[in-house]
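Below is one structure; the comments refer to it alone.
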Amino acid sequence: MTTSADTETLSSFHTPAVRHLAWLCAAPQLLHATESFYPLPWLPVDYVERLQHWDRNADTMPERLTEPFERRLGHYFERLYEVLLVDLLGWDLVLKNQQIRAGNQTIGELDFLVRNSQTGNLEHHEIAIKYYLGMNEASNDTRWYGPNARDRLDLKVGRMLSHQSPMAQRLEARALLAELGISEPIIPRVFLPGYLFYPHDGVALPDYVPASHAQGRWCYARELENSDLTGWVPLKKPHWVGPWRQEAQPDIEAARAAVELVKAKGVPVLFARVEWHPGIECWVERERWFLVPGAWPLGSIIK
């Protein structure tokens, strides 16, 4: 879980897209590996002031931040990351979402190929934002499932390190890049921020997950049937990114309806538990919870 100071600083941003971007700049990651990319050491010392200026003066912010929200969280996350690379870091974007093909088959794509202006090196960045819920299996092993339980932390990390990150080194990619006049060495980078949600009982953490990862809790919706839901706010994408804030009083009936939706439709729902912060005169997220249906993780699909 982010610290109170971090949450309060982020919650001072009124514009959601700017707040999301501010969170992304220093977001804890779910993977620490040789390829892991941490933006914070590369950002200019005045990046917070720049974000604050955009927040107060909407006409000065990058156009990508003013575009309508997208339903697909991954697409929105890519847009934020592009602003981070180009408008905050000032790096040159060489390629984006470049498909790599072997014959008639697409074998992958390069998320971002950028030139690090501080080193002069070309870097290939593979990115994802993920949310996983820990569960102890009958075998006493812990598995970390996504809300859509077909997604798992171990599978995603394995694919990013063994397939996505090395993609620029494949012969098919090198041939394509050579056609574009690119033949120099390329440094692989991986960026995987997100949250891990813990159950009531203890779970084991993979050794590749940093201790500083962002945390929440999860439970079955039936466990909250007679609970006080004051301060519970259901979050819709893309507001899964970064801490939630709102000026209006939390709607307890909306929270109850969201719990019933989980039970009736079998769709996991992410909640923020908020408290009033008099310093910035708004309700600020203090904790995150995922509520899941009784059959989860079996056959659970989130739309």
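Since every read-out is calculated from the coordinates, none of them should be taken as a lab result. No experiment lies behind these values; they were computed from the predicted model shown. All Cβ positions, glycine included, derive from the backbone under ideal geometry; neighbour counts span all protein chains shown.
Just a few scattered comments:
- Direction-averaged projected area, Cα convex hull, the chain: 17.6 nm², rounded to one decimal.
- Over the residues of the chain, the helix contribution to mean residue ellipticity at 222 nm works out to -7000 deg cm²/dmol, using -39500 (n - 2.57) for each DSSP H run of at least 4.
- Among E49, E260, E109, the largest mean-square fluctuation in a Gaussian network model of the chain, built with springs joining Cα atoms closer than 10 Å, belongs to E49.
- Fully extended contour minus Cα-Cα distance, from C282 to K263, at 0.36 nm per residue: 3.8 nm
- Integer Hz, Karplus 6.51/-1.76/1.60 couplings in order for the stretch 106-116, x for Gly and Pro: 7, 9, x, 8, 9, 4, 9, 10, 10, 9, 5
- Gain on full extension, evaluated as 0.36 nm per residue between D154 and V86 minus their Cα-Cα distance, stands at 21.4 nm.
- Cα-centre dipole for the stretch 4-216 with unit charges at Cβ (Lys and Arg positive, Asp and Glu negative), debye to 20: 440 debye
- For the stretch 75-149, the residue among Q118, W144, L95 whose Cα projects farthest onto the positive side of the dipole built from Cβ charges is L95.
- Only one residue of W23, L10, Y131 has its Cα farthest out toward the positive end of the dipole of the chain, where Lys and Arg carry +1 and Asp and Glu -1 on Cβ, and that residue is Y131.
- Residues with amide H under 5 Å from that of V94, placed H, sequence gap 5 or more: L113, V114, R115
- Hypothetical label at L298: residues of the stretch 143-177 whose amide nitrogen lies under 20 Å (7 Å Cα-Cβ projection): 143-152
- Counting DSSP beta bridges with both ends in the stretch 4-216, the antiparallel % (nearest 5): 60 percent
- Here the simple spin-label model places points 7 Å from the Cα toward Cβ, and for V45 and Q215 these points are separated by 3.4 nm.
- The chain: most fluctuating residue of E63, E172, E253 per GNM, C-alpha cutoff 10 Å: E63
- Just checking the listed ones, A272, A221, A138: in the Gaussian network model of the chain with Cα springs under 10 Å, the one fluctuating most is A138.
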